[in-house]
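**Q** Structure provided below as structure tokens; questions to follow.
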Amino acid sequence: MITWQKCAAMTAAGGLALSAMAFTAPSFAADTKLKIAFLGSQDDEDYDGSLVLKNYVESASNGAIEVEIFPSGRFCSNADECSEALLDGRLEVYITTNGGLAGWYPPAQFLDLPYLLPNDRVAECVFDGPLVGKIRDAVLQDVGAARLMAVSNTGGWRNIATTAKQVKTPDDVKGLKLRTIGADIQIELVKSMGGNPTPIAWPEVYTSLGTGVVEGTKNGITDIVNMKFQDHLKYISLDGHAYMAALWWMNEDAFKDLSPEHQRIVYDGFQFLKQTARVLPMRKGVDAFAAFKEAGGTVYSPTADEKASFQKAAQPVWAWYESNFGREWIDAAQTAVNDCEAKLTAEFEEAAK
């Protein structure tokens, strides 16, 4: 370590010139600053993914682009505030769930159609394919201020978790008060199974489960354990009715203001973010399921017949969507799923030769 005493000694030996150069050399500020904001904490995969993006973009641009990360609501305190900041240009990058996107573009509720996506491999294939470009173009046309950069995952899959009753079939949902988000399609799903949907704000769910205001919820296992809902929830049925997609948006003007070279760097950074944020929910889910069981919880995987009964019970939700928004997005999504299933099957068959 060079102390101030050593620096003083260096001066006598001609170090003064070097010291002067150090103080007068220009400091180069970043040409562009990108602010990323989200409501999750630094324990979330969204934060890890953002760190990967920051490291790549700042390094690949040689410091011309600086990335600032604002987790835990430090930039904006709720989804509406964050969305407004993104759309009016005060914020460069924001993440939404499917439900959050539906607030700007209601037809996007097709992403939460129950049992649309069968597993993670198909889901990731779909969200790496042309369907993402179709969503990007539609939002740019109808909203205009936000560009979809990547789709990752934020918590795994939505499953039905309950406080006092194991759900194995849709019949077991009848009469249950289940917490939902405010999205219409989530409410319609609980109704289709005969349950009583009860929209409750996220910070109030723990108390609502403990006091019996609701008898269950529809969440991913990592969110359940992170919020200590296992204190009240004793059963989870892995029906996997919705993939918890995380859609990463960039303000359109901010993207267009970048040079082509920097646009490519930022785009690639989002792809590295996506890879990181997809893997972590799977890894964290291992520990989360273990913690749920250690708290006395039971995890149940529906049989193929039981899963089919859930899919059948959810058909009114699909009919509700079609009556409100038509078939364009349903057909696009089902085509994407079918293409990905065929691609993955062919990949396996080639590997198994």
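The values are calculated or read from the model by the stated rules, or taken from the named source; none is laboratory data. Predicted model, so just to flag it, every value in this text is computed and none were measured. Ideal geometry is used to build each Cβ from the backbone, glycine not excepted, and the neighbour counts take in all protein chains shown.
**Q** For region 52-69, check the following and say yes or no: at least one residue is at pLDDT below 95 and more than 21 Å from His241 (Cα to Cα).
**A** no
**Q** Out of all the residues in region 262-305, which are over 22 Å from the mean Cα position of the chain (by Cα) and without any contact (Cβ under 8 Å) to a residue 12 or more places away in the chain?
**A** Within region 262-305, Gln263, Arg264, Ala290, Lys293, Glu294, Thr303, Ala304, Asp305 qualify.
**Q** Look through Gly133, Gly73, Gly155, Gly63 and report the one residue that is farther than 20 Å from Lys256 by Cβ, outside any loop (DSSP other than H, G, I, E, B) and small (Gly, Ala, Ser).
**A** After ruling out the rest, the residue left standing is Gly155.
**Q** Oh, and also: Answer yes if at least one residue in region 250-261 is in contact with a Lys or Arg (Cβ under 8 Å, 6 or more places away or on another chain), assigned to a strand (DSSP E or B) and surrounded by 21 or more Cβ atoms within 10 Å (Cβ to Cβ), and no otherwise.
**A** Yes, region 250-261 contains a residue that is in contact with a Lys or Arg (Cβ under 8 Å, 6 or more places away or on another chain), assigned to a strand (DSSP E or B) and surrounded by 21 or more Cβ atoms within 10 Å (Cβ to Cβ).
**Q** Follow-up question, since we're still on this one. With the requirement that a residue be assigned to a helix (DSSP H, G or I), in contact with a strand residue (DSSP E or B) (Cβ under 6 Å, 6 or more places away or on another chain) and within 13 Å of Ala242 (Cβ to Cβ), what does region 188-228 give you?
**A** Across region 188-228, the qualifying residues are Val190, Asp223.
**Q** Looking at region 11-45, which of its residues are at pLDDT 95 or above and either touching a Phe, Trp or Tyr at 6+ places or on another chain (Cβ under 9 Å) or of a type in the set (Phe, Trp, Tyr) (or both)?
**A** Listed by number, the residues that qualify are Lys35, Ile36, Ala37.
**Q** Given the options Ala161, Ala150, name the one that is crowded, with 23+ Cβ neighbours inside 10 Å, over 28 Å from Gly133 (Cα atoms) and of a type in the set (Gly, Ala, Ser).
**A** Sole residue among the options that is crowded, with 23+ Cβ neighbours inside 10 Å, over 28 Å from Gly133 (Cα atoms) and of a type in the set (Gly, Ala, Ser): Ala161.
**Q** Could you say which residue among Leu34, Leu53, Leu86, Leu116 is part of a loop (DSSP other than H, G, I, E, B), touching a residue at least 24 places away in the same chain (Cβ under 8 Å) and crowded, with 19+ Cβ neighbours inside 10 Å?
**A** Matching residue, one of Leu34, Leu53, Leu86, Leu116: Leu116.
**Q** For region 84-104, how many residues meet the condition of being of a type outside the set (D, E, K, R) and over 18 Å from Met244 (Cβ atoms)?
**A** Number of matching residues: 7.
**Q** Still on this structure: Using beta carbons and a limit of 8 Å, which pairs, at least six apart or on different chains, have the first residue in region 312-323 and closer than 17 Å to Leu117 by Cβ and the second one charged (D, E, K, R) and surrounded by 12 or more Cβ atoms within 10 Å (Cβ to Cβ)?
**A** Going by the 8 Å Cβ cut-off, the qualifying pairs are Val317/Glu188.
**Q** Let me ask something else about it. Any residue at all in region 269-285 that is more than 17 Å from Tyr47 (Cα to Cα), of a type outside the set (S, T, N, Q) and either surrounded by fewer than 17 Cβ atoms within 10 Å (Cβ to Cβ) or at pLDDT 95 or above (or both)?
**A** No - not one qualifying residue is present in region 269-285.
**Q** While we're here: What tally of residues in region 286-319 results from selecting those that are under 16 Å from Asp48 (Cβ atoms) and crowded, with 19+ Cβ neighbours inside 10 Å?
**A** Looking only at that region, the number is 1.
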